Amino acid sequence: MTSIPVVDSHHHFWDPTRRDYYWMGGDELASIRKPIGPEDLRPLLAQNKVDRTVIVQTVPTVEETEEFLSIAAATDFVAGVVGWVDLTDPGVSDTLAELKAGDNGKYLVGIRHQVHDEEDPAWVAREDVIRGIKAVGAAGLAYDLLPKQRELPACLPPVDANPEMRFVVDHIAKPLIAANEMEPWAARLEELAKRPNVYCKLSGIVTEADWTGWKPADLKPYVDRVLEWFGEDRVMFGSDWPVCLLASDYKTVKGTLESLLGNPEGATYAKIFGGNARDFYQL
């Protein structure tokens, strides 16, 4: 029997010398404000026995999505791209069709918008946005939800309006781990988890903790709850590399998650570290 490939469901590439990344300002992000691409990640995947990856958008431009599709086509380990389109554009269906029809369109597996950066906490619940998300589903793609606890309630309307679509919450909705706060994050994410078409990425967790002094025990209450709510069939590993480098390294991120999950083996490991991402994104 062929083993299921290990999949990192969430990482990024970028080049600040070519494009402005509006969220990358400040001294605290200086260490990752540099060109980072496939050859930087390749040795880390080999060292940590990761076979395939999903690259995720970082800025709200279709141009970046097209670049990521080209990277996927040229890079043996990138299995899928979560890109960006303007969900509020009446022509969003045409944009999605053009992306899918392009030479590298087969690598487009999902769409994301940086919802937690919108001034309006209910942006993702707007009628025009829900209409755009519906177009994403009609194109056969998944949708990555990127909320913090403030935006979690607004994630319910688009999910409930599209019960046949696949949704995934990125970075366990960024709880305030450094402040050791559980609510209202817990109540809000638990409610979203009741929807069977919503998955959750076990990603971006270390950077919500104290960057310089976090311990696995700081993360455990949050990971435990996510696993309780979503179960092993609806969670997936994501490194959030290279953002994770602000607080850790690739090996520690993956190893810590394995230990927090009880060092799963067999079918459980295959699901969380590969199978669920493969099925969700239809890789």
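Some notes on this structure:
- Radius 14 Å from Cβ of Glu118, net charge of other residues (Lys, Arg +1; Asp, Glu -1): -2
- Looking at the chain, the DSSP beta bridges with both ends there are about 5 percent antiparallel.
- Positive-end residue of Gly238, Ser203, Pro5, charge dipole of the chain with Cβ unit charges: Pro5
- Net charge of the neighbourhood of Ser93, taken over other residues with C-beta under 15 Å away and scored Lys/Arg +1, Asp/Glu -1, is -2.
- DSSP-defined beta bridges in region 1-108 - what % are antiparallel, rounded to 5: 10
- Backbone phi angles across region 36-52, fed through the Karplus curve with coefficients 6.51, -1.76 and 1.60 (θ = phi - 60°), yield HN-Hα couplings of 9, x, x, 6, 6, 7, 3, x, 5, 5, 5, 5, 10, 6, 10, 9, 9 Hz in residue order; Gly and Pro are listed as x.
- Ranked for footprinting exposure by Cβ neighbours inside 10 Å, fewest first, Met24, Met236 give Met24, Met236.
- Phi angles across region 270-275 convert, under the Karplus curve 6.51 cos²θ - 1.76 cosθ + 1.60 with θ = phi - 60°, into 3J(HN,Hα) values of 4, 5, 5, 9, x, x Hz, Gly and Pro given as x.
- Coupling constants for region 63-77 follow from the phi torsions by the Karplus curve (6.51 cos²θ - 1.76 cosθ + 1.60, θ = phi - 60°), and in residue order they are 4, 4, 4, 4, 5, 5, 5, 5, 4, 4, 5, 9, 10, 5, 9 Hz; glycine and proline get x.
- Distance between the C-alpha centres of region 36-64 and region 160-227: 22 Å, rounded to the whole angstrom.
- Cross-link reach is defined here as a Cα-Cα straight distance under 16 Å, omitting same-chain residues fewer than 8 places apart; for Lys215 the aspartates and glutamates meeting it are Glu181, Asp224, Asp249, Glu258.
- Charging the Cβ of each Asp and Glu at -1 and of each Lys and Arg at +1, and nothing else, the dipole of the chain about its Cα centre rounds to 700 debye.
- Annotation: the residues Tyr21, Tyr222, Tyr269, sorted from fewest to most other C-beta atoms within 10 Å of their own C-beta, follow the order Tyr21, Tyr269, Tyr222.
- The alpha-carbon atoms of region 113-206 define a convex hull whose volume equals 88 cubic angstrom per residue.
- Farthest toward positive dipole pole in region 7-281 [+1 Lys/Arg, -1 Asp/Glu at C-beta], among Thr61, Met24, Ala135: Ala135
- If you look at the Cα atoms of region 185-279, you get an Rg and a Dmax of 13.0, 36 Å.
- P(r), alpha carbons of the chain - 5 Å bins starting at zero, rounded %: 1, 6, 13, 18, 20, 19, 14, 8, 2, 0, 0
- Listed cross-link partners Lys49/Lys100; Lys174/Lys254; Lys100/Lys134; Lys106/Lys251 are compared with a 21 Å cut-off, the Cα-Cα value being larger for Lys49/Lys100; Lys106/Lys251.
No value in this document is a laboratory result; all are computed from the given coordinates. On a predicted model such as this, the values are computed, not experimentally measured, just so you know. With ideal geometry, Cβ positions are generated from the backbone for all residues, glycine too; neighbour counts draw on all protein chains shown.
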